[in-house]
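Undergrad: Shown below is the structure under consideration.
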């Protein structure tokens, strides 16, 4: 469905004034509760800068208080080993992550459109966080009320998050050249349209949703964006590390 | 130990002619066999380019034929779920990865110098793959006989790989400004100096070894390097995705 409803929603995402919310309650198709929380010692809403402020980390630390630590020591120097060696175990959609086409489109999954097929050119180039989306813009990070409300910092998840409706997603697909859609909570789709809006994006195998970005204190503007997922052959998602370079 | 032996080794790493090897046999402190192998459908020694050749992926796919798949479906559309959802389980030093200071220095591990403390500025800037290391160069990727011999493509690991000796590592620490040391096999340290050369690097918490890079068909030169590890709080290592931009 295209037309006015889609446009209305899209403008909501783009122009949403502070203290205005969309949608309802409970549930998470993304395998873990809201990432972030207390896990990262240094992980806080303030800007996490490197290189004298030129580089900003926009990645949330993956964590899951309920499931316990994601990383555990398999070899420990404290127990006599020559080295420390950790093992990682986590859902692929925890913390800042990327969805591959196979996440909700079975035909794409069967066709092996996994995270290792994602276009690194789309994931590493100029990005825009903007109130206008002129034709030709290929990457947009949506900083929404999710950031203003600090949803990524809440324990347990909050399903009243801002995300795309089905028709909003379809409008974006039909009327823009965007190939990378970044969002500041765990799902690019609103809770009421969790499956349908994902499907609207992912059926186009060249559109890459990047979810759970840390956009606290990031101003609207043009940035160099670098997003690098793991090469997880066969996986329909991956944790991803993302930075902005001014 | 500094002086001539160190310099000799360093030149070996830098100038090593084809078909010349260093070191001995068997064993792996890095948690898994040689990454790569048959796991990646598209993963092959040829250049993996994006953006019309401007971006080159220098990341090896993590895999472990012995341990089975790293990723498994927890929710499957084929079995009636609305989405596919994968879980990841892997040693943190498999495939292309980064060592944090705590990997072999217990005091650094106790001080929480984990992968989430690594300097993203060091990991994202101009890199050099060069026969000379002038003062001021901060990042070098060493393409060695490991690549020429195709070691990363061999099953089971080959401990006759080229890596730093203890004194070679110490020489580099003492005589260059290098903060990022990239190498084209699973360890920055040669097998005979597996612990000692790691320690020579890692005791300086600002030096970052990046291991198991895919440098097949990469020519000597200057590149923009982007390496993004996961934000694994508490972990002394992480899988990392690395690209060169021309």
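Undergrad: Please tell me if residue A:26 is more than 7 Å from chain B (Cβ to nearest Cβ), modelled with pLDDT under 90, in a loop (DSSP other than H, G, I, E, B) and surrounded by fewer than 22 Cβ atoms within 10 Å (Cβ to Cβ).
TA: Spelling it out, residue A:26 is indeed more than 7 Å from chain B (Cβ to nearest Cβ), modelled with pLDDT under 90, in a loop (DSSP other than H, G, I, E, B) and surrounded by fewer than 22 Cβ atoms within 10 Å (Cβ to Cβ).
Undergrad: Can I ask one more? Would you tally the residues in the stretch A:214-232 being outside any loop (DSSP other than H, G, I, E, B) and either without any contact (Cβ under 8 Å) to a residue 12 or more places away in the chain or in contact with a helix residue (DSSP H, G or I) (Cβ under 9 Å, 6 or more places away or on another chain) (or both)?
TA: Number of matching residues: 5.
Undergrad: What do you reckon, is residue B:180 in contact with a strand residue (DSSP E or B) (Cβ under 8 Å, 6 or more places away or on another chain) and either crowded, with 24+ Cβ neighbours inside 10 Å or closer than 21 Å to residue B:127 by Cα (or both)?
TA: yes
Undergrad: What do you reckon, is residue A:242 in a strand (DSSP E or B) and in contact with a helix residue (DSSP H, G or I) (Cβ under 8 Å, 6 or more places away or on another chain)?
TA: no
Undergrad: Also, I was wondering about something else. Kindly indicate which of A:170, A:155 is part of a loop (DSSP other than H, G, I, E, B) and surrounded by fewer than 24 Cβ atoms within 10 Å (Cβ to Cβ).
TA: A:155
Undergrad: Here is a further query. Counting just the residues of the stretch B:45-62 that are in contact with a strand residue (DSSP E or B) (Cβ under 9 Å, 6 or more places away or on another chain) and in a loop (DSSP other than H, G, I, E, B), which one comes out nearest to residue A:234 (Cα to Cα)?
TA: Among them, the one singled out is B:62.
Undergrad: Which of the residues that make up the stretch B:99-125 are assigned to a loop (DSSP other than H, G, I, E, B) and either more than 7 Å from chain A (Cβ to nearest Cβ) or under 18 Å from the mean Cα position of the chain (by Cα) (or both)?
TA: B:100, B:104, B:105, B:111, B:113, B:114, B:118, B:119
Undergrad: Give just the number: which of (1) buried (at least 20 other Cβ atoms within 10 Å of the Cβ); (2) within 12 Å of chain A (Cβ to nearest Cβ) does residue B:188 not satisfy?
TA: Only one criterion is unmet by residue B:188, namely (2).
Undergrad: Name the single residue, out of those in the stretch A:76-98 being within 21 Å of residue B:191 (Cα to Cα) and at the interface with chain B (Cβ under 8 Å from one of its Cβ atoms), that is surrounded by the fewest Cβ atoms within 10 Å (Cβ to Cβ).
TA: Taking the candidates together, the pick is A:82.
Undergrad: Quick test of your reading of the structure: residue B:233 fulfils all but one of (1) buried (at least 20 other Cβ atoms within 10 Å of the Cβ); (2) within 13 Å of chain A (Cβ to nearest Cβ); (3) modelled with pLDDT of 90 or more. Name the failing condition by number.
TA: (3)
Undergrad: As an exercise: evaluate residue A:162 against (1) within 29 Å of residue B:245 (Cα to Cα); (2) crowded, with 23+ Cβ neighbours inside 10 Å and give the number of the one condition it does not meet.
TA: (1)
Undergrad: Modelled with pLDDT under 50 and under 27 Å from residue B:72 (Cβ atoms), is that true of residue A:32?
TA: Yes, satisfied.
Undergrad: Can you tell me how many residues in the stretch A:56-96 are within 20 Å of the chain's Cα centre (by Cα) and within 20 Å of residue A:152 (Cβ to Cβ)?
TA: Residues flagged as within 20 Å of the chain's Cα centre (by Cα) and within 20 Å of residue A:152 (Cβ to Cβ) within the stretch A:56-96 amount to 18.
Undergrad: Moving to a separate point now. Which of (1) within 11 Å of chain B (Cβ to nearest Cβ); (2) buried (at least 21 other Cβ atoms within 10 Å of the Cβ); (3) within 25 Å of residue B:63 (Cβ to Cβ) does residue A:214 not meet, given it meets every other one?
TA: The failed condition is (3).
The values are calculated or read from the model by the stated rules, or taken from the named source; none is laboratory data. The model shown is predicted, which means the values in this text are computed figures rather than measured ones. Heads up, the Cβs are rebuilt from the backbone with ideal geometry, glycines too, and the neighbour counts pull from every protein chain shown.
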